[in-house]
Amino acid sequence: MGGLVFLVPVLLVVSLGYAVAYVAAEALGVGAPEAVAWPAGLLLFAVTAWALLRHLRRRRRRPPAGDRRPSRAGRPR
């Protein structure tokens, strides 16, 4: 059951990329729109996963807002 939590969003992103690329390829008159649509769907998934992982890594590096200590700059000694 836990695999569905991961696989359903992946399928949705790949399907969305496939559908958009298929319609675009068909509108442009490509002979085999499926040959364009599948790689486009997988590319959309790769870009989405990369962006999500990058966001999560940056978020993990910064301490939460309540844990930040005030800087010593500007304090009288």
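State all residues of region 9-55 that are at negative phi and either basic (Lys, Arg) or exposed (fewer than 10 other Cβ atoms within 10 Å of the Cβ) (or both); if no residue qualifies, say none. First the steps, then the outcome.
Within region 9-55, the subset at negative phi is 9-28, 30-55.
Once the filter is applied, which keeps residues that are at negative phi and either basic (Lys, Arg) or exposed (fewer than 10 other Cβ atoms within 10 Å of the Cβ) (or both), region 9-55 yields Ala27, Leu28, Gly31, Ala32, Arg54.
Go through region 1-58 and report how many residues are under 14 Å from the mean Cα position of the chain (by Cα) and outside any helix (DSSP H, G or I). Selection size over region 1-58: 0.
Only the coordinates and a few stated rules stand behind these numbers; no lab work does. Since this is a predicted model, take the numbers as computed values, not measurements. With ideal geometry, Cβ positions are generated from the backbone for all residues, glycine too; neighbour counts draw on all protein chains shown.
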